[in-house]
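Take a look at the structure below.
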Amino acid sequence: MKGKLTLAQIRVILILVAVMLIVATYFLVYQTNMDKAADFDKRTADTNERIAYLESLQPKVTDLEVFTSLYTDDIEDFIQSFPVKITQQKSVYLIYRLMINTGIDIESITPGEQQPFYYKGQITDGNTAPEENEEETMSEITVVDMDQMIGSTATYTINFSGTTKQVYKALDWITENKEKLSVGDVNLAFDRSSGKLAGSIGIHFYSMLGNGVPYKELDVSEFTFGVDNVFGDFSKDKE
């Protein structure tokens, strides 16, 4: 009859539909799943590679732990060697001792602002300041972990004069002092009128809040104050 499909035509159409379903299934289901499987395999390979790398580090970590344990006491002694705070009284007094022990003539002392150098387990550039209440919550005898300690530094600039030998002695006195001191900027020139070197030196003072070392008051009884220098107006009765 006209308009009716023959059995052969129906078979062809069914075959074409089946082929189209197979093709669609391949691209929409099989190929998509294969892409996901390939991506999963890649991530698995990357993870295994990362695990292998971390496992290879384990012996190094173990060695580092052993090495660090050998210096635990030295690290503890170093932390304990810092005073718990920087005071102007002690800083000026140490500068006075510098003058007495080396013979230089100190004309003026300029105290600097206190800045952090160690905070939250990291050495800082002085721009990272502790939170306002952090230092307030720790007393002088508070003991905290090293990554919670707050290290501070202040630079005092002295203007002075002295012979070459006295200047060298002063630099050695600062760097070899049992107190935590270091030499900052040094500016010196030869003074022809006196035959001495004259100029300025910055002295860095350090402290470590949280190491539990109580602050000790100064004992100045063994020192005599002079009259021909910046300390001329000082007296034991005025301290």
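The values are calculated or read from the model by the stated rules, or taken from the named source; none is laboratory data. In this text the structure is predicted, and so the values were computed from the model without any measurement. Note that we place each Cβ from the backbone using ideal geometry, even for glycine, and neighbour counts take in every protein chain shown. Surface accessibility is based on the protein's heavy atoms, side chains included, excluding ligands, DNA and RNA. Shrake-Rupley method; radii C 1.70, N 1.55, O 1.52, S 1.80 Å.
Of Lys90/Lys196; Lys60/Lys180; Lys85/Lys180; Lys120/Lys178; Lys120/Lys216, which sit over 22 Å apart, Cα to Cα?
On the way: Lys90/Lys196 28 Å; Lys60/Lys180 33 Å; Lys85/Lys180 11 Å; Lys120/Lys178 26 Å; Lys120/Lys216 26 Å.
With Cα atoms farther than 22 Å apart: Lys90/Lys196; Lys60/Lys180; Lys120/Lys178; Lys120/Lys216.
Each label point was placed 7 Å from the Cα along the Cα-to-Cβ direction; for Asp145 and Ala52 their separation is 3.4 nm. Solvent-accessible surface of protein heavy atoms, probed at 1.4 angstrom with all chains present, puts Lys165, Lys36 in the order Lys165, Lys36, largest first. Solvent-accessible surface (1.4 Å probe) assigned to Phe117 amounts to roughly 40 Å².
Full extension of the chain between Ser194 and Lys42 yields a length gain of 46.8 nm, computed as 0.36 nm times the residue separation minus the alpha carbon distance.
Between Glu179 and Asp73, residue separation times 0.36 nm minus the direct Cα-Cα distance comes to 36.3 nm.
Once all protein chains are placed together, Ser200 keeps about 20 Å² accessible to a 1.4 angstrom probe.
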